[in-house]
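Asks: Got a structure for you, questions after.
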Amino acid sequence: QVQLVQSGGGLLQAGGSLRLSCAASGRTFSISTMAWFRQAPGKGREFVAAIRLNGGSTIYAISVKGRFTISRDNPKNTVYLQLNSLKPEDTAVYYCAAGSPLATWASEGGYAYWGQGTQVTVSS
């Protein structure tokens, strides 16, 4: 099992910045990829970004590319999501995920472990 504990989040104004953290513990050797998803009110969960723990390759959703940055600190088993130039439409509960997806990294089904979620609210 892998446990994910998220931190960060909060309420801020449009144009602001925020960093989310996700610390993994347990059988972390069993995972190859960590990702961030988000769920806005009344909508389904959508992919935000993912990173390979070995090598650091990343992918992003088009809606956040150039504004958000995913990174990892392997010795700390922690993944970060830096959110810049925030917009009201970025308001959502953000979830950290971990797993070993075989196909697309952007699919929820590729991730077996999930964090508790953290609220990010951006006011206009």
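The values are calculated or read from the model by the stated rules, or taken from the named source; none is laboratory data. No experiment lies behind these values; they were computed from the predicted model shown. Note that we place each Cβ from the backbone using ideal geometry, even for glycine, and neighbour counts take in every protein chain shown. Please note that ligands, DNA and RNA were not included when accessible areas were found on the heavy atoms of the full protein model with its side chains. Shrake-Rupley method; radii C 1.70, N 1.55, O 1.52, S 1.80 Å.
Asks: From the list SER25, SER32, SER71, SER21, pick out the single residue that is in contact with a Gly (Cβ under 6 Å, 6 or more places away or on another chain) and open to solvent by less than 60 Å² (accessible area, probe 1.4 Å).
Replies: SER21
Asks: When residues of segment 24-79 are filtered for being closer than 12 Å to GLY99 by Cα and polar (S, T, N, Q), how many remain?
Replies: 4
Asks: So which residues in segment 4-57 are among the polar types (S, T, N, Q) and within 16 Å of TYR94 (Cα to Cα), if there are any at all?
Replies: Selection gives GLN6, SER7, SER17, SER21, GLN39.
Asks: May I ask you to list the residues in segment 74-124 that are farther than 18 Å from SER25 by Cα and assigned to a helix (DSSP H, G or I)?
Replies: PRO88, GLU89, ASP90, GLU108, GLY109, GLY110
Asks: Please identify the pairs in which a residue from segment 99-124 that is over 18 Å from VAL5 (Cα atoms) and open to solvent by 50 Å² or more (accessible area, probe 1.4 Å) has its Cβ atom under 9 Å from the Cβ atom of a residue that is of a type in the set (Lys, Arg) and in a loop (DSSP other than H, G, I, E, B), counting only partners at least 6 apart or on another chain.
Replies: Final answer for the pair search is SER124/LYS87.
Asks: Now, a different point. With respect to ALA50, is the statement that it is of a type outside the set (Val, Ile, Thr), within 12 Å of the chain's Cα centre (by Cα) and surrounded by fewer than 21 Cβ atoms within 10 Å (Cβ to Cβ) true?
Replies: Against the criterion (of a type outside the set (Val, Ile, Thr), within 12 Å of the chain's Cα centre (by Cα) and surrounded by fewer than 21 Cβ atoms within 10 Å (Cβ to Cβ)), ALA50 does not qualify.
Asks: Please note which strands (runs of 3 or more DSSP E) are completely contained in segment 13-67 and include at least 2 residues that are of a type outside the set (Gly, Ala, Ser) and either over 15 Å from THR118 (Cα atoms) or touching a helix residue (DSSP H, G or I) at 6+ places or on another chain (Cβ under 7 Å) (or both).
Replies: Passing ranges, in order: 33-39, 45-52, 58-60.
Asks: Now, a different point. With the requirement that a residue be at positive phi and touching a strand residue (DSSP E or B) at 6+ places or on another chain (Cβ under 6 Å), what does segment 63-91 give you?
Replies: ASN77
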